[in-house]
Amino acid sequence: GSLRCGDLTLDPTSHRAFRGVAVIDLTVKEYRLLEYFMTHQGVVLSRLTLLKDVWDKNFDTNTNVVDVYVNYLRNKIDKDFDTKLIHTVVGMGYIMGIR
């Protein structure tokens with residue numbers, strides 16, 4: 001059941017995330033976005049793909065909602081840790097994995 005990326009664990013039954021022993025509180029949307037990243041590790045995900053699959057919308061590409069939520073996630077799962085898990089691929093989108 002659990003999804004893992006390095007020392008980050010996502011528990012789908014409790015909808016909770018852990019980085020090592022630290023519990024990470026996520027909103028419903030943050031959880032969905034993180035779950036999507038974790039089930040697509042190593043794949044470059046464009047903003048349009050994320051909008052379509054996580055937000056169920058074909059937004060105008062001018063929206064920055066994806067960037068805002070990626071930043072929320074980074075603040076929660078990456079900021080206080082040496083190993084970053086969410087990476088920006090300039091001009092393409094984001095990728096999750098250990099680099």
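The values are calculated or read from the model by the stated rules, or taken from the named source; none is laboratory data. For clarity, every value in this text was computed on a predicted model and none was experimentally measured. Because the Cβ atoms are built from the backbone with ideal geometry, glycine has one as well, and the counts that use them run over all protein chains shown. Quick note on the areas: whole protein, heavy atoms, side chains included, nothing else; ligands and nucleic acids left out. Shrake-Rupley method; radii C 1.70, N 1.55, O 1.52, S 1.80 Å.
Each 5 Å bin, from zero up to the one with the longest distance, holds this percent of the alpha carbon pairs of the chain: 2, 13, 27, 27, 19, 9, 3, 0. Bridgeable lysines around LYS57 (alpha carbons under 20 Å apart, same-chain partners fewer than 8 residues away excluded): LYS29. Note that the chain presents 57 Å² accessible area per residue, ligands and nucleic acids not counted, probe 1.4 Å. With the simple model of a label 7 Å out from the Cα in the direction of the Cβ, ASN58 to PHE18 spans 4.2 nm. Close amide-amide hydrogen proximity is noted between LEU45 and TYR94, ILE95, each under 5 Å apart and 5 or more residues distant or on a separate chain (H modeled in the peptide plane; Pro and chain starts excluded). For the stretch 84-99, the Karplus equation 6.51 cos²θ - 1.76 cosθ + 1.60, evaluated at θ = phi - 60°, returns couplings of 8, 10, 10, 10, 8, 10, 4, x, 10, x, 9, 9, 10, x, 9, 10 Hz by residue, with Gly and Pro reported as x. Carbon-plus-sulfur accessible fraction, the chain (probe radius 1.4 Å, protein heavy atoms only): 51%. Working from label points 7 Å from Cα in the Cα-to-Cβ sense, the ASP25 to ARG4 distance is 2.8 nm.
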